[in-house]
Structure formats: structure tokens, C-alpha cells
1. Probe radius 1.4 Å, ligands and nucleic acids left out: which of Val58, Val27, Val128 has the largest accessible area, and how do the rest follow?
2. Just how far, in whole angstrom, is segment 1-36 from segment 105-140 if you go by their alpha carbon centroids?
3. Would you list which aspartates and glutamates come within 18 Å of Lys22, measuring only between C-alpha atoms, while excluding same-chain residues fewer than 8 positions from it?
4. Can you sort Arg48, Arg103, Arg2 by 1.4 Å-probe accessible area, starting with the largest?
5. Using 1/(1 + (r/R0)^6) with R0 = 41 angstrom and r between the beta carbons of Asn190 and Val49, what's the FRET efficiency to the nearest 0.05?
6. Taking the Cα centre of the chain as origin, sum charge times position over the Cβ atoms of Lys and Arg (+1) and Asp and Glu (-1), and report the length of that vector in debye to the nearest 20.
7. Highest mean first, what order results for 83-92, 154-163 on Cβ atoms within 10 Å?
8. Find the relative contact order for segment 2-207 and round it to a whole percent, using C-alpha pairs within less than 8 Å whose residues are 6+ positions apart.
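The values are calculated or read from the model by the stated rules, or taken from the named source; none is laboratory data. What you are looking at is a predicted structure, and each value in this text was computed from that prediction instead of being measured. Cβ sites come from the backbone with ideal geometry, for glycine too, and all protein chains shown count toward neighbours. For accessibility, only protein heavy atoms count, side chains too; no ligands or nucleic acids. Shrake-Rupley method; radii C 1.70, N 1.55, O 1.52, S 1.80 Å.
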Amino acid sequence: MRVHVADHPLITHKLTVLRDVKTPSPVFRALVEELMTLLAYEGTRGVRVEPIEIQTPVSPTTGVRIAEPRPLIVPILRAGLGMLEGMTKLVPTAEVGFLGMARNEETLEPTTYAERLPDDLSGRQCFVLDPMLATGGSLAAAIEFLLKRGATDVTAICILAAPEGLAFLERELEGHDVTIVLGALDERLNEHGYIVPGLGDAGDRLYGTV
Ligand code: PRP
Ligand code: URA
């Protein structure tokens, strides 16, 4: 598993506003989208392309286009939905599938309540979007789901992660071709499984349902 922490002053600046408890939902949503566009740039560094011949006004040349089968973007509902627009702006020809997952706040175990994905993901490059990687349970389950359907190349893009969650993913996904792209790696999890310093409950802050 490869882990890439984006290191850019604009990302840190936007993250600071996102973390601030005083930031209201509309601003939070706009920031998640902006951050996602910056992280998508990092996260799609390995997107598969194929050569294409074109004609400029001056001469023929060889360029590239995104290869078939098209990449699949999978936002994890609910909070991952806030990242979707930022990603599709950058990769408009990608397909989108959905996974709905909710973490039980007592046991911290994830359950999957919705799935709308192609049955066969053989040869597909998948990009999973979820702002929070806390214990890692939700992301591990989502990635395992995609691997079981045949995906061989999965990149997860998260805004924040805890070291405990990354260590869990490392164990669970050993031997698989998985890349994790992060806006920041935070200090730790607290006794309730929340990322510290974190930003609180991403879904609630996005959609205002605290
Ligand atoms: C949040 C977040 C992740 C999960 C992370 O979702 O978006 O999916 O928690 O926690 P974990 O790493 O410990 O599994 P939540 O289950 O709160 O659902 P929501 O997006 O509907 O708010
Ligand atoms: N889910 C969140 O939304 N925030 C956390 O800090 C942990 C899990």
C-alpha cells in the first residue's frame, strides 16, 4: 500500500478553515469541493492513458486520452458525496458508482446499506472518495468490496486520516495494489473513534444534521 500525503500550502490553508468549528455548512461544502479538486490532481497521477494522434493547426502530433475501460469513481455515502463534484470536474469522462456505508458509533464497525456498482470491475481503475479515514474499517470494507469484484488498482482519496486507520488498512490490504492520497495525516483517534484534531463528523458538517 502506498500512502501519499499532499503537502501544499493551499491545501493546509483550506484544511485549517475546514477544521474550524465556526465554519458553517455552506462554506464547509465549498471547501470540501475545492480541496477535492486539489487532491484529485495528486490522486490521478497514475490514471491510465493511451496515445492518440491529433492534428494541431500547425502539424500532426501524438497526445494521450484517458484509456478504456474508463476509471470508476466511488464516493462513500454520505460524506464522500461532498467530494464527488470536485473529482468529476477533473475527470468528467469517468463513471460513477456508489457505496453507502455507516459506522456504528458504539462498536465503530461499518455496515453497508447501499451498493450501485458494476458487477464486473476487472481491469478497472477505481477511485474511492471518503473524507475521513478514522479506524479504517469503512475504507477497508469499501476497498475489499471493489477488489472482490475484480478491481486491481484502487486509489482512495481522503481529506484526513489517523495513523491507527492507516496501520489497519496496511494489515487488511497487504499485497494489493492500493494507493491512499491524504490532505493531512492527523495525530490520533480519541476514545470515541474520532480523528484528533480532525474536523468532527464530516457528514454532519457537510449536511448540517448535527
Ligand atoms: C464517516 C466517514 C467514513 C467513516 C470513517 O462516515 O465518512 O466513512 O465515518 O470511520 P472509520 O474509518 O472508523 O470507519 P459515517 O459512518 O459517519 O457516515 P456518514 O458519511 O453518513 O456520516
Ligand atoms: N467519521 C467522521 O466523520 N469523523 C471522524 O473524526 C471519524 C469518523
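1. Numbers: Val58 135, Val27 65, Val128 0 Å².
Of Val58, Val27, Val128, the descending order of accessible area is Val58, Val27, Val128.
2. So the two Cα centres are separated by 21 Å.
3. Reachable aspartates and glutamates: Asp201, Asp204.
4. These residues rank, largest area first, as Arg2, Arg48, Arg103.
5. Given R0 = 41 Å and the Cβ-Cβ separation, E is 0.45.
6. With only Lys, Arg, Asp and Glu charged at Cβ, the dipole is about 520 debye.
7. Working: 83-92: 17.5, 154-163: 25.5.
Descending mean neighbour count gives 154-163, 83-92.
8. 23 percent
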